[in-house]
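One structure is given here, and the rest of the page talks about it.
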Amino acid sequence: MRKKFLSTIAFAGAAALTMAGCSSDGEAETPDDAATGGTETEETSDMLTVGFAQTGAESGWRSANTESMQEAFSEENGFELVFNAADNDPAAQISAVRNFINQGVDAIVIAPVVEDGWDDVLQEAQDAGIPVILEDRTVTASPDLYAAWVGLDFKAEGVKAGEWAVEEFGDEPTNMVVLEGTTGSAPANDRAEGFNEAIEGSSIETIDSQTGDFTRDGGRSVMEGYISNYGVDGIDLVYAHNDDMGLGAIEAIEAAGAVPGEDIKIVTIDAVKDGMQALVDGKINFIVECNPMLGEKAAELVRAAVNGDDLEPVNYVEDQSFTQEQAAEVIDSRAY
Ligand code: GZL
């Protein structure tokens, strides 16, 4: 909430007023009158209190995104950040947003775990006059219920990953297993859609597809199940919706005595440090980047929304992709 700071003189005036009761003419003076003869002495600071409902801490990408948000919404930048990480639990995240509304924050930023279920609480925020900015993932609720969104084109990321797979495997019959992101999340839905569009008509067959919830442990345990069901020789390609699940798959493939990146090829999305290192080491074959540095744009959108300025409702951030050779060239100079 916007803080109003009484200057020392005004405060002293108020103290004097309290002790003296009313002025000689019986009229109660305001602190201002007592201190400055009636001119405004309050300074309204630009400090904004912002509630940030983060998905959790499920992946290296999420850690980089949280860092970017905390740097952008710092005190020196004029923000008081109230941070909540929902541990990938949609109900807990909605409850955190309701708490922000009850606290009367100036604005709310949400990285929604899943797409559905947001209509009611977004309406409540709007009724309370609190602008909402979405960062990272999107929701199915009406765009009228939030001021703007900043993030990445998840479907395009899936298309880019699928196009690499078609190029890599050509017409060779290819058995692929998929490690899906969090069920119901926009990146899981859109990355699947984009990839499947890209491989349409190719010789790549999806023999299994399960969620690893965007975590390394999840990727490893689902991949262990795939290996026990299909054998290492029955799997040619892993499409992981993020690096962390791909890194978990590498652990399972190596534990089965096979060579990731050779016996079983792996394509992932994010391009976080550990994923890029595995790409340089030849254990992952291709990575499509998903830039987590969204804090600066999110802070710009919050200020514009609070000030009632016009703002773009949809804001895409650029990303790129990397082969093993390209990763080796850039890995030491990347911010995350
Ligand atoms: C994508 C983001 C996804 C990342 C995962 O913008 O929502 O969530 O790809 C993260 O690593 O867990």
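Here, each number is a calculation from the coordinates, and none is a lab measurement. Quick caveat: nothing in here was measured; it's all calculated off a predicted structure. Counting neighbours? That spans all protein chains shown, and the Cβs are built from the backbone with ideal geometry, glycine included.
Full extension of the segment from residue 332 to residue 87, taken as 0.36 nm per residue of separation minus the current Cα-Cα distance, would add 85.1 nm.
In this label model, residue 217 and residue 232 are separated by 2.6 nm, measuring between points 7 Å along each Cα→Cβ vector. Per-residue extension of 0.36 nm, minus the Cα-Cα distance of residue 128 and residue 323, leaves a gain of 65.4 nm for this segment. Each Lys and Arg Cβ is given +1 and each Asp and Glu Cβ -1; about its Cα centre, the chain then shows a dipole of about 620 debye. By the beta-carbon count within 10 Å of each Cβ, the least crowded to most crowded order of 185, 63, 68, fewest first, is 63, 68, 185. Percent of Cα pairs in the stretch 154-290 per distance bin of 10 Å, from zero to the largest separation: 14, 51, 33, 2.
Farthest towards the positive end of the charge dipole of the stretch 101-187, among the residues 159, 138, 179, is the Cα of 138, using unit charges on the Cβ of Lys, Arg, Asp and Glu. Can you put 199, 133 in order of Cβ neighbours within 10 angstrom, beginning with the fewest? Ranked by crowding around the Cβ, least crowded first: 199, 133. Neighbour counting of Cβ atoms within 10 Å sorts the residues 206, 182, fewest neighbours leading, into 206, 182. The orientation-averaged projected area of the convex hull spanned by the Cα atoms of the chain comes to 20.9 nm².
Here the relative contact order of the stretch 154-290, from alpha carbon pairs under 8 Å that lie six or more residues apart, stands at 25 percent.
The distance from the alpha carbon centre of the stretch 116-152 to that of the stretch 183-197 is 21 Å, rounded to a whole number.
With a Cα cut-off of under 25 Å and a minimum spacing of 8 residues unless on different chains, the lysine pairs in the chain number 13. Residue farthest toward the positive end of the dipole of the chain, with Cβ of Lys/Arg at +1 and Asp/Glu at -1: which of 250, 225, 84? The residue sitting farthest along the positive end of the dipole is 84. By the compact-protein rule of thumb, 2.2 N^0.38 Å, the alpha-carbon radius of gyration of the stretch 243-336 corresponds to a ratio of 1.42. Only Cα pairs under 8 Å and 6+ residues apart enter the sum, and on that basis the relative contact order of the chain stands at 15 percent.
For the stretch 273-336, a simple Cβ point-charge model (Lys and Arg +1, Asp and Glu -1, everything else neutral) yields a dipole of about 220 debye relative to the Cα centre. Restricting attention to the chain, close to 10% of DSSP beta bridges with both partner residues there are antiparallel. Dipole magnitude for the stretch 154-290: about 280 debye, using +1 per Lys or Arg Cβ and -1 per Asp or Glu Cβ, origin at the Cα centre.
Once the GluC sites (Glu not before Pro) in DSSP loops with at most 10 neighbouring Cβ atoms within 10 Å are cut out of the chain, the longest remaining piece is 77-199.
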